[in-house]
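Reading through the structure tokens given below for one structure.
The values are calculated or read from the model by the stated rules, or taken from the named source; none is laboratory data. Because the structure is a prediction, the values reported are computed rather than measured. Using ideal geometry, Cβ is built from the backbone for each residue, glycine included, and neighbour counts are taken over all protein chains shown. Ligands, DNA and RNA are stripped out before the accessible areas are found, and what is left, the full protein with its side chains, is counted by its heavy atoms. Shrake-Rupley method; radii C 1.70, N 1.55, O 1.52, S 1.80 Å.
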Amino acid sequence: ELVERDPRTDIGWEIDASGLEELLVETHRRTSLPLLVMETGAACADDRVEDGRVADQDRIDYLRDHLAA
């Protein structure tokens, strides 16, 4: 069963990778300069351990979507 999740960090910030994409495209269009993203991250709970590993799907999804942008 597919469960739709609220796209927010654990501290309530909205997660929207399209915002990053729009910012990068518009900045490049206006300046024609090469762009380099140095850091992006999300406040996600990392204290859920399953089978000896951190259950970190929220952060994996966040990084996947932002890298795609």
- Taking the Cα atoms only, what angle lies between the long axis of helix 17-31 and the longest principal axis of the chain, rounded to 10 degrees? 20 degrees
- Note on the structure: Between the residues Cys44, Leu20, Tyr62, the Cα farthest towards the positive end of the dipole of the chain, that dipole coming from +1 and -1 charges on the beta-carbon of Lys, Arg, Asp and Glu, is from Leu20
- Task: Can you tell me how much longer the chain between Glu14 and Asp47 gets when fully stretched, taken as 0.36 nm per residue apart minus their C-alpha distance, in nm with one decimal?
- Result: 9.8 nm
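Suppose only helical runs count, i.e. DSSP H with n ≥ 4. What mean residue ellipticity at 222 nm does that imply for the chain under -39500 (n - 2.57) per run, divided by all residues and rounded to the nearest 500 deg cm²/dmol? Could you put the intermediate results ahead of the total?
Values: 2 runs with 27 residues, N = 69.
That comes out to -12500 deg cm²/dmol.
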- Relative contact order computed over the chain (Cα-Cα under 8 Å; 6+ residues apart), in percent: 34 percent
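With every protein chain left in place, what is the accessible area per residue of the chain in square angstrom, probe 1.4 Å? Present the calculation step by step, with values, prior to reporting the outcome.
Details: 5980 Å² over 69 residues.
So the chain comes to 87 Å² accessible per residue, rounded to a whole number.
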- Message: Normalised radius of gyration for the chain, please: alpha carbon Rg relative to 2.2 N^0.38 Å, two decimal places.
- Response: 1.36
- Message: Not counting ligands, DNA or RNA, and with a 1.4 Å probe, what is Leu20's accessible surface area in Å² rounded to the nearest 10?
- Response: 40 Å²
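Of all the stretches in the chain, which is the longest one without any exposed loop site, taking GluC sites (Glu not before Pro) in a DSSP loop (any state but H, G, I, E, B) with at most 11 other Cβ atoms within 10 Å? List each step's numbers first, then the result.
Working: sites that count: Glu1, Glu4, Glu39.
By the stated rule (loop sites, at most 11 other Cβ atoms within 10 Å), 5-38.
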- Query: Going through segment 1-60, which trypsin sites (Lys or Arg not before Pro) have at most 16 other Cβ atoms within 10 Å and a DSSP loop state?
  - Reply: Arg5, Arg48
- Per the 1.4 Å probe, what fraction of the accessible area of the chain, in percent, lies on carbon and sulfur atoms? 53 percent
